[in-house]
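Comments concern the structure below.
Derivation of every value follows stated rules applied to the coordinates shown; laboratory data play no part. Everything numeric in this text was worked out from a predicted model, so none of it was measured. Quick reminder, even Gly has a Cβ in these numbers, built from the backbone with ideal geometry, and neighbours come from all protein chains shown.
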Amino acid sequence: MKTWTTRSGLTVTQILGGRCNVFLIAQEERHCLVDSGHDNRFDALYNRLRRLGVTPQSLRALILTHSHFDHAGNAARIKTAFATQLIIHESETEYLRRGANPVIQGSTPLTRFMTDAFLSQALLQRFCRYTPAACDIAAKARLDLQALGITACLLHTPGHTPGSLSIIVDESIALTGDTLFGVFPGSTFPPFAADVPQMIASWRKLLETGCSRFLPAHGCERSRATLQRQYEKYAKKFGL
Ligand SMILES: [Zn+2]
């Protein structure tokens, strides 16, 4: 498990990898979990949380960057196992309650062909279902986590989905969900997005924070320099 440390000593640990990175933020004896992974990884997630000393008392919140199945798949079980509160953006609470999302849209010619023409929408929707969960705190444009004892805030960074959130930890590390990807070399561009220009504008919001490290839910860390280069390229392309 890889761990990053901020200037004030908060730690961010990548607790699950593979299909979806799940991160644990720790500040002294307090924790926040960011995303919950695909539902076939529950045992691994639960065991690693316990091994890291996470308890119902220490886990202040489960934050979902958005309501897609590979991020929210274990939300209901984590919420029950740790009696914790669940935070998601207000525009995605209903998807979470149903355990289903609108069909994802490709953001490149190839992935758009896949989602619009090649794959059955009904099949996609069935494949992307997960156990529903209830939201406890609905985030809006910004939500400070200081009330939970964690030096971090949630920033609304829409585009991949309308309610995508990024978690800004100690103004130094951003957990970006799918707002940006770290899969393709030198790129931050996700293969799926509901609104690409809106997502590019969210990259600018992320660059306006003091963060130097950007940890996506898919792939590896991206630097500020890489995100800046990608922002300039796509802002020009979309006339932003
Ligand atoms: Zn997603």
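Looking at (1) buried (at least 18 other Cβ atoms within 10 Å of the Cβ); (2) under 25 Å from His38 (Cα atoms); (3) aromatic (Phe, Trp, Tyr), can you tell me which one Tyr231 breaks?
The one condition Tyr231 does not meet is (2).
Of all residues in the stretch 130-148, which are part of a loop (DSSP other than H, G, I, E, B) and either surrounded by 14 or more Cβ atoms within 10 Å (Cβ to Cβ) or in contact with an Asp or Glu (Cβ under 8 Å, 6 or more places away or on another chain) (or both)?
Tyr130, Thr131, Pro132, Ala133, Cys135, Asp136, Lys140, Leu145
Can you say whether Thr161 is within 16 Å of the ligand (Cβ to nearest atom) and assigned to a strand (DSSP E or B), as far as the supplied structure shows?
So Thr161 fails the test.
Is it the case that Ala174 is farther than 26 Å from Ala100 by Cα, among the small types (Gly, Ala, Ser) and assigned to a helix (DSSP H, G or I)?
The answer is no for Ala174.
For the structure I just gave you, tell me whether Asp195 is over 24 Å from Lys79 (Cβ atoms), of a type outside the set (A, V, I, L, M) and surrounded by 19 or more Cβ atoms within 10 Å (Cβ to Cβ).
On the way: over 24 Å from Lys79 (Cβ atoms): yes; of a type outside the set (A, V, I, L, M): yes; surrounded by 19 or more Cβ atoms within 10 Å (Cβ to Cβ): no.
The answer is no for Asp195.
Looking at the stretch 64-78, is at least one residue in a loop (DSSP other than H, G, I, E, B), more than 13 Å from the chain's Cα centre (by Cα), away from the ligand (no atom under 16 Å from the Cβ) and not aromatic (Phe, Trp, Tyr)?
no
Listed here are the residues, each with its yes/no results for (1) surrounded by 19 or more Cβ atoms within 10 Å (Cβ to Cβ); (2) more than 16 Å from the ligand (Cβ to nearest atom).
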| site | (1), (2) |
| --- | --- |
| Leu24 | yes, yes |
| Glu28 | no, yes |
| Pro56 | no, yes |
| Ala61 | yes, yes |
| Ala83 | no, yes |
| Leu86 | yes, yes |
| Glu92 | yes, no |
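Hey, does the stretch 35-52 have a residue that's under 18 Å from Glu221 (Cα atoms) and in contact (Cβ under 8 Å) with a residue 60 or more places away in the chain?
Yes, the conditions are met somewhere in the stretch 35-52.
Which residue pairs have Cβ atoms closer than 7 Å, lie 6 or more positions apart in sequence or on different chains, and pair a first residue in the stretch 16-34 that is under 19 Å from Leu155 (Cα atoms) with a second residue that is among the small types (Gly, Ala, Ser)?
Partner pairs satisfying both residue conditions: Asn21/Ala217; Val22/Ser36; Val22/Gly37; Ile25/Ala152; His31/Ser58; Cys32/Ala61.
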